[in-house]
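Heads up, the thing below is written out as structure tokens.
Please treat every number below as a calculation from the coordinates, not as lab data. As the structure is a prediction and not an experimental result, all values here were calculated from the model. All Cβ positions, even for glycine, are placed from backbone atoms using ideal geometry, and neighbour counts span all protein chains on display.
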Amino acid sequence: MSQPILEVDDLTIEFQTGESSITAVSDASFSIEQGEYMGLVGESGCGKSTIAKALLGALDKNGRIVSGKILYEGEEIQDFTEEEFNEKIRWKEIAMIPQASMNSLDPIQPISRKALEIADAHTDLSKSEALDRFKEAFEIVGLQPSRISEYSFQFSGGMRQRAIIALTLFLRPTIVIADEPTTALDVIMQDQVLNYIKKIREETNSSMMMITHDISVVFETCDTMTVMHSGQVAETGPVTDLYDSPTHPYLMLLQDAFPDIRYPNRDLEVIDGYPPELTDKADFCTFVDRCPWAVDECSQTAPRLESVTDRSVSGDGSDSTHKVACIRKDEVPQLNEERKRQGRTTADGGSDEGDLP
Amino acid sequence: MTDELLLQVENLEKYYAQKRSLKEIALRKEKDPVQAVDDVSMEVHSNQSIGVIGESGCGKTTLLEVLMGLEPLTGGDVIYRGTRMSEFDREDWLKYRRNVQIIFQDPFDSLDPKQRVRTVLYEPLRVHGIEDKEQRAREMLERVNLGPPEQFLSKYPPQLSGGEKQRVAIARALILQPDVVLADEPVSMLDVSTQAAVLKLLSHLTDEMGVSLIYISHDLSTVSYVCDSVNVMYLGRLVEGAPTERLINEPQHPYTQALINSIPIPDPYHERETIELEGAPREPIGLGEGCRFRDRCPERMDICEKTPLDTEISEHHQTACHLYYDHEDESTQVSTGGESQPRESVPADGDDQ
Ligand SMILES: Nc1ncnc2c1ncn2[C@@H]1O[C@H](COP(=O)(O)OP(=O)(O)OP(=O)(O)O)[C@@H](O)[C@H]1O
Ligand SMILES: Nc1ncnc2c1ncn2[C@@H]1O[C@H](COP(=O)(O)OP(=O)(O)O)[C@@H](O)[C@H]1O
Ligand code: SF4
Ligand code: SF4
Ligand SMILES: [Mg+2]
Ligand SMILES: [Mg+2]
């Protein structure tokens, strides 16, 4: 395999809040290949948006990269200046659909003007080519192409979100970062947007980092996924590997917590407790308070990402791209099986589940 | 358990007048109203949980607002235990407000940040003159798994997580032991792990306390965990209704099929056949005669210019689509537009597994 287009290596990011500081991302590592779609998954506050902003040099003012590297096409960009990010990275190489972006459009200019500005600054498309592409993008996100010259206040919230998605995608950048691109949309709108996202991939070679808490969206559109819990990367690898053999306790529970329309009577898993607030780089597993299999050692050292071994597939697993950060990674799948078996026997005798009579 | 008919929604209509400009007022120019809810009929019996699904803007929230009495209805009626809402007196309203409660979509918006949980829970008890507030509030907090109660009673909403806030909202809705709870996207703002806990709680508590539920959402996958039957809404109208599993496995209306096919499946091996629905619903203004889905429907026929009637395709399963009825005597069937039969909602078929 060639060099990844993007590599994040032991990245730690901190925010200064008054006297104290919050560590939002703690030694996180993952990579994205050319043309690959990666889903970044985890619950609210685990650090997903922070990573996305760091990739564009757009951390909030009180935030900074404490340690680690970000490599874009092999070049370290974590220390780039504002000018360098503008010149070399933003829009053209990495473009982002920001989270809750509905209100980020300038109300006093037509949306098409914004598109032309971006196209002008970063490509040599003619005005009509740029507008045609923008219209096409409008159409597929469910907006009438004839409306590209309207102002954002003429659009409802959902329509604004779609206009922004069109804006980010129409120049077909090398990496698109989409931060919760469909969370504010209803299922039909989401489906249309996902279809567009799939279409882009058929026609270009761009990669995508799709941030979401919805694993079904990732399973459907992505090749690989990275699961985070409270600043740490818990597990990363091809989606099919993570689906077939989830190895981190958090991912295991998450999969069973997720509603699946095919099984409306299945019992949903509940993940009790809350992630800790980190004031420093975590030197423990951040899942320790919530993990059913935690042992003392889990709170004494931060588990490293290591290849998942011990799987039916060929080789010794050491070169596997499926990696997990859990000191009990070799025992956990077995423990989970046992837990499920026990759960089932107690459930027969009347669980707390209020399912159908 | 006895089966009581609690709520009858009868050809309910809610039209909003469109704002007119000064010029339009001066010229006495009328504007067509916004047809947010149009000719909706359904029944809620005791111990039922009914879902209403449909995409953004189809009228779900408006429906709940009218059912709550927050917005006056403009046509049809709501009948609560035999009394018509259009004829409610003060006392009827008081009784109704006590027995029909609501849980809103956004737990961050629906609780006053300056009111302690104690105040939030005491308020409905005070309004309805109920003693032993402390006792009831504690019990309710325990039921929604916010323990120990004393710790939560003195907290303010900003000190609670999203899931905890939504539990408080559920506690507030259930504390008067109402007949019916209305829930508007109760978990859409919550994280997956919290979402599962709230869904389980809602499903469990409505069963345990014998409360009926109307649950509205655009997402059938969460609705299906809680509801025995589901109605599908499109541009102000109900287009299909069936027991949950039947609706999922045998959707009949082309819109329902599209809606179900648009739900992503958490399984990378699953190949979802997407029926790509183009565009968005029209504005609910000047809709006129005809099937409201016809501009997006892959099955559309000439007859679809006429409004399709509700048809019972099998027991407890009805849909309003020309594909499903006999057009022999269509002249009599189609012209009646506004007189669909109330949807009978049914308890679940039992456990199919
Ligand atoms: N106060 C109002 N005045 C005029 N039109 C309104 C008003 N409230 C709602 N509408 C319109 O009525 C229709 C139904 O809106 P409603 O809020 O009930 O939709 P919804 O199904 O709850 O949508 P969502 O899923 O986005 O919450 C929409 O076209 C909306 O713009
Ligand atoms: N500007 C900021 N100042 C202080 N804390 C912040 C700031 N931005 C984010 N955080 C904190 O960093 C953590 C990660 O946030 P974020 O990356 O937004 O999470 P996610 O996108 O995964 O929901 C959270 O604890 C959040 O409160
Ligand atoms: S390292 Fe320990 S606490 Fe963390 S996930 Fe593994 S077993 Fe659980
Ligand atoms: S009535 Fe006609 S347009 Fe409407 S859903 Fe049925 S087939 Fe489609
Ligand atoms: Mg975020
Ligand atoms: Mg609504």
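Largest GNM mean-square fluctuation among B:Q166, B:Q35, B:Q18, using chain B with Cα springs under 10 Å: B:Q18. The ranking of B:E134, B:E4, A:E93, B:E271 by Cβ neighbour count inside 10 Å, starting from the fewest, reads B:E271, B:E4, B:E134, A:E93.
The radius of gyration of the Cα set in the stretch A:237-341, together with its Dmax, comes out at 14.8, 42 angstrom. Other residues lying with their Cβ under 11 Å from the Cβ of A:G63 contribute a combined charge of +1, Lys and Arg counting +1, Asp and Glu -1. Roughly how many Å is it from the Cα centre of the stretch A:119-176 to that of the stretch A:242-266, as a whole number? Result: 36 Å between the Cα centres. Just for the protein assembly as shown, what percent of DSSP beta bridges are antiparallel, to the closest 5? The antiparallel fraction comes to roughly 60 percent. Neighbour counting of Cβ atoms within 10 Å sorts the residues A:M252, B:M68, A:M225, fewest neighbours leading, into B:M68, A:M252, A:M225.
Between the stretch B:224-291 and the stretch B:191-220, the alpha-carbon centres lie 20 Å apart. With contacts taken as Cα pairs under 8 Å and at least 6 residues apart, the stretch A:237-341 reaches a relative contact order of 28 percent.
Normalised by residue number, the volume inside the convex hull of the Cα atoms of chain B is 181 Å³ per residue. Scanning chain B for trypsin sites (Lys or Arg not before Pro) that sit in a DSSP loop and have at most 12 other Cβ atoms within 10 Å, the longest stretch containing none of them is B:115-353.
Between A:D267 and B:A17, the distance separating the two model label sites (each 7 Å from Cα on the Cα→Cβ line) works out to 5.7 nm. Given the pairs A:K69/A:K281; B:K14/B:K95; A:K53/A:K92; A:K135/A:K199, which span a C-alpha to C-alpha distance of over 18 angstrom in this model? From the list (A:K69/A:K281; B:K14/B:K95; A:K53/A:K92; A:K135/A:K199), the Cα-Cα distance tops 18 Å for B:K14/B:K95. By the Kirkwood approach, averaging reciprocal distances over each pair of separate Cα atoms, the stretch A:200-246 gets a hydrodynamic radius of 11.6 Å. In units of the rule-of-thumb radius 2.2 N^0.38 Å, the stretch B:217-297 shows an alpha carbon radius of gyration of 1.17.
Partners of B:K200 within straight-line reach, counting lysines whose Cα lies under 25 Å from its Cα and excluding those fewer than 8 residues away in the same chain: A:K340, B:K60, B:K155, B:K165. Looking at the stretch B:28-172, the pairs of alpha carbons with a distance over 18 Å make up 66% of the total. Each Cα pair under 8 Å and six or more residues apart adds its sequence gap; the mean of these over the residue count of chain B is a relative contact order of 22 percent. Spin-label pair B:I25-A:S67: with each label point 7 Å from Cα along the Cα-Cβ axis, the two points sit 6.8 nm from one another. For chain A, place one equal point scatterer on every Cα, skip the solvent, and apply the Debye formula. What is log10 of I(q)/I(0) at q = 0.14 Å⁻¹? The Debye formula, applied to the Cα set alone, gives -1.21. The local environment of A:M209, defined by Cβ-Cβ distances under 11 Å, has a net charge of -1 under the rule Lys, Arg +1 and Asp, Glu -1. Separation of the stretch B:42-67 and the stretch B:78-141, taken as the distance between their Cα centroids, equals 19 angstrom. Can you pull out the chymotrypsin sites (Phe, Trp or Tyr not before Pro) in the stretch A:32-111 whose DSSP state is coil and whose Cβ has at most 16 other Cβ atoms within 10 Å? Qualifying residues, ordered by number: none.
Under 10 Å, Cα contacts only: if you run a Gaussian network model on chain A, which one of A:V332, A:V66, A:V295 comes out with the highest mean-square fluctuation? Of A:V332, A:V66, A:V295, the Gaussian network model singles out A:V295 as fluctuating most. Between B:E305 and B:E289, the simple label model (points 7 Å from Cα in the Cβ direction) yields a spacing of 0.9 nm. Sorted fewest first by neighbouring Cβ atoms within 10 angstrom, A:R113, A:R90 come out as A:R113, A:R90. Using Cβ point charges alone (K and R +1, D and E -1), the dipole size of the protein assembly as shown about the Cα centre works out to roughly 2340 debye. Below 13 angstrom from the Cβ of A:A302, what's the summed charge of the other residues (Lys, Arg +1; Asp, Glu -1)? Surrounding charge for A:A302 is -4.
With Cα atoms as the point set, the protein assembly as shown shows a radius of gyration and Dmax of 26.7, 83 Å.
Counting only DSSP H runs of at least 4 residues, each contributing -39500 (n - 2.57), and dividing by the residue count of the protein assembly as shown, the helix-based mean residue ellipticity at 222 nm comes to -9000 deg cm²/dmol. Listed by number, the DSSP H helices of chain B that run 20 Å or longer by alpha-carbon position along their axis and have mean Kyte hydropathy of at least 0.0 are B:192-208. Listed by chain and number, the aspartates and glutamates whose C-alpha is less than 16 Å from the C-alpha of B:K19, apart from same-chain residues fewer than 8 away, are B:E30, B:D32, B:E283. Under 18 Å from a point 7 Å along the Cα-to-Cβ line of B:D32: which residues of the stretch B:59-83 have their amide N that close? It comes to B:59, nothing else.
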